[in-house]
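K.L.:
Structure below; questions to follow.
The values are calculated or read from the model by the stated rules, or taken from the named source; none is laboratory data. All figures in this text were calculated on a predicted structure; none of them were measured in a lab. FYI the Cβ positions are ideal-geometry reconstructions off the backbone, even for glycines, and counts take in every protein chain you see. Heads up: the accessible areas ignore ligands, DNA and RNA and are worked out on the full protein's heavy atoms, side chains in. Shrake-Rupley method; radii C 1.70, N 1.55, O 1.52, S 1.80 Å.
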Amino acid sequence: MAETKYSMVKGWIRSKILDGTFAPNQKISSESDLMKQFDVSRHTVRIAIGELVSEGWLYTEQGAGTFVADRSAILPDTPAYQQKKIAIITTYISDYIFPSIIRGAEAEISKEGYQVSLFSTNNDHEHEKRILETILSQPFNGAIIEATKSASANPNISNYLNLEALGIPYVMINAYYDELDPVSVVVDDEKGGFLQTEHLIKLGHRHIAGFFKTDDMQGVKRMKGFIKAHRVYGIPINPKNIVTYHTDKKSSRPAEVLKMMLESSHEKLTGLVCYNDELVMKLLDVLRQKGMNVPEDISVVGFDNSFLAEVSEVKLTTIEHPKSELGKIAAKTVLEMIGRGKGCKQGTPVESVVFEPKVVLRNSTKGVAGE
């Protein structure tokens, strides 16, 4: 259904309030300016403004104009705010390790009588923006948020600052936006990448390729650990053996590059360090096509200790990810922040949590003769 003209005007004003362009008690664009901007009649503009006034977004002063309402002052007193709702925003909901994280958080939140609303950004900033606007528009008590493309500059920082301005606490999981310095619950990804690589080095491997998704901070840090392990053990790195890719290429680029690497005769790879277990499954297909056996011909290490680590014919050596426990701790943390906001508890600031990774040994790795 086509969007009506007045709803376009209304949506634009509302979006500008949510991203902080129009601050509380600031005068918004004049009716004449809005008429020109959207090529609409004064009647259309007035309908849009009238609805926003009735919904509590704006207020008018006779002869002075229309201004942005200070929602932070009225939000906690509204009946809807007492419904006790917490948002969980992840990059994906039904894929890979995310259901386990969500279950851990949801169980803890439900125990305290809160409703849970699930959202997925699909690792897309525009999706994230729309979700944040939903949370800012509705009276949520708090949020657990997985950062979207956390290694790149985020265009929605103003929305997060508005969450803070409205007193809506949030906890970031798996990664976070460094510029916000938020409370977070994460795994030590750099150490995890180090442990993956160190495991292979200690088994005698010297020609190791690393595959990392680098639009998320987890992948950047795991790559840092990969490089650090080589340096600590005095092993030179062939730059061609570091393969990076972004989310939109995760189903194609790593497999294509591995195929080319295996066809090259400049050196024989003996080990693969992978961004996560999901990637391992894709690379195993390439190895099968090339007639290579794991671990007899090549050793492979994953990350996350997901259900995939044990479902394939190759039982995967991988790095432990707390999954359900991470979700549980994130939930406890945001609940504590909500409690403090209501004056239930004061004292030391709420601390971020970093889980220590460890290697889970299975049979996808084996030693090679020293060189």
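K.L.:
If you filter region 261-331 for GluC sites (Glu not before Pro), then keep DSSP loop positions with at most 13 other Cβ within 10 Å, what is left?
P.N.:
Those that pass, being in a loop and sparsely packed, are E267, E296, E313.
K.L.:
From the backbone phi of region 281-297, what are the Karplus-calculated ³J(HN,Hα) couplings (6.51 cos²θ - 1.76 cosθ + 1.60, θ = phi - 60°) in whole Hz, Gly and Pro given as x?
P.N.:
Going residue by residue, I get 4, 5, 6, 4, 4, 5, 4, 4, 4, 8, x, 9, 9, 10, x, 4, 9 Hz, with x marking Gly and Pro.
K.L.:
Under the definition of Cα pairs under 8 Å and six or more residues apart, what whole-number percent is the relative contact order of region 2-52?
P.N.:
With pairs under 8 Å counted, the relative contact order is 50 percent.
K.L.:
To check my understanding: the extent here is largest minus smallest coordinate of the Cα atoms along each principal axis. What are those three numbers for the chain, in Å, largest first?
P.N.:
Result, largest extent first: 85, 49, 35 Å.
K.L.:
With only alpha-carbon pairs counted, each pair once and no self-pairs, how large is the Kirkwood hydrodynamic radius of region 203-298 in angstroms? List each step's numbers first, then the result.
P.N.:
Values: mean 1/r = 0.0729 Å⁻¹.
One decimal place: 13.7 Å for the Kirkwood radius.
K.L.:
Let me understand region 20-142 better: what is its radius of gyration from the alpha carbons, and its Dmax, in angstrom?
P.N.:
Radius of gyration, then largest Cα-Cα span, for region 20-142: 18.7, 57 Å.
K.L.:
Taking a 24 Å limit on the Cα-Cα distance, which of the listed pairs K149/K191; K290/K366; K290/K358 fall beyond it?
P.N.:
Pairs exceeding the cut-off: K290/K358.
K.L.:
Averaging sequence separations of C-alpha pairs under 8 Å and six or more residues apart, then dividing by the length of the chain, give the relative contact order as a whole percent.
P.N.:
17 percent
K.L.:
Now, a different point. Percent of accessible area on the chain owned by carbon and sulfur, 1.4 Å probe?
P.N.:
Taking all protein chains in place, the chain shows 51 percent carbon and sulfur surface.
K.L.:
Determine how large the accessible area of E61 is when every protein chain is in place; take a 1.4 Å probe and give Å² rounded to the nearest 10.
P.N.:
Roughly 90 Å² of E61 is accessible to a 1.4 Å probe.
K.L.:
Could you check which residue among T44, T244, T318 shows the biggest mean-square fluctuation in a GNM of the chain with a 10 Å Cα cutoff?
P.N.:
In the Gaussian network model the winner is T44.
K.L.:
Could you bin all the Cα-Cα distances of region 183-223 into 5 Å bins starting at 0 and give me the percent of pairs in each, rounded to whole numbers?
P.N.:
Once binned at 5 Å, the Cα pair distances of region 183-223 give 6, 22, 25, 22, 14, 7, 3, 1.
K.L.:
May I pose another question? Using only the alpha carbons of region 79-214, what is the convex hull's orientation-averaged projected area in square nanometres?
P.N.:
One quarter of the hull surface, i.e. the mean projection, equals 9.7 nm².
K.L.:
Also, quick follow-up: What are the extents of the Cα atoms of region 96-170 along their three principal axes, listed from largest to smallest and rounded to whole Å?
P.N.:
35, 32, 16
K.L.:
Straight distance only, please: which lysines reach the Cα of K84 with their own Cα at less than 26 Å, same-chain residues fewer than 8 apart left out?
P.N.:
Candidates past the 8-residue exclusion: K111, K129, K323, K328, K332, K342, K345.
K.L.:
Once the dipole of the chain is set up with Lys and Arg at +1 and Asp and Glu at -1 on Cβ about the Cα centre, which of G56, Q289, Y92 lies farthest towards its positive end?
P.N.:
Q289
K.L.:
Sticking with this one: D39: net charge of surrounding residues, Cβ under 13 Å, Lys/Arg +1, Asp/Glu -1, itself excluded?
P.N.:
Working: positive: K5, K36, R42; negative: D33.
Net charge in that neighbourhood comes out at +2.
K.L.:
Now for a different question. Got a sec? What order do W57, W12 fall in by accessible area at 1.4 Å, biggest, i.e. largest, first?
P.N.:
Solvent-accessible surface, decreasing: W12, W57.
K.L.:
Please state, as a whole number in µm²/s, the translational diffusion coefficient that the Stokes-Einstein equation yields for region 137-191 at 20 °C and 1.002 mPa s, with Rh defined as the Kirkwood radius across alpha carbon pairs.
P.N.:
179 µm²/s
K.L.:
On to the next question. Nearest 20 debye, what's the magnitude of the dipole of region 253-293 about its Cα centre given +1 on Lys and Arg Cβ and -1 on Asp and Glu Cβ?
P.N.:
Once rounded to the nearest 20, the dipole reads 100 debye.
K.L.:
Taking Rh as the Kirkwood radius computed over C-alpha pairs, what is the Stokes-Einstein D of region 215-371 at 10 °C in a medium of viscosity 1.306 mPa s, expressed in µm² per second?
P.N.:
The estimated diffusion coefficient comes to 88 µm²/s.
K.L.:
Leaving out ligands, DNA and RNA but keeping every protein chain, what accessible area does F194 have, in Å² rounded to the nearest 10, with a 1.4 Å probe?
P.N.:
Counting only protein heavy atoms, F194 exposes about 40 Å² to solvent.
K.L.:
So what is the accessible area of region 113-167 per residue, in Å², with the probe set to 1.4 Å? Please report the intermediate quantities before stating the final value.
P.N.:
Values: 1930 Å² over 55 residues.
Result: 35 Å² of accessible area for each residue.
K.L.:
About the Cα centre, and with charges only on the beta carbon of Lys, Arg (+1) and Asp, Glu (-1), how big is the dipole of the chain? Nearest 20 debye, please.
P.N.:
300 debye
K.L.:
Which aspartates and glutamates have a Cα lying under 15 Å from the Cα of K224, excluding residues fewer than 8 positions away in the same chain?
P.N.:
Of all the aspartates and glutamates, those that pass the test against K224 - Cα under 15 Å, at least 8 places apart if same chain - are D188, D189, E190, E198, D215, D216.
K.L.:
I'd like the accessible area for S110, computed on protein heavy atoms only with a 1.4 Å probe and all protein chains in place. Round to 10 Å², please.
P.N.:
60 Å²
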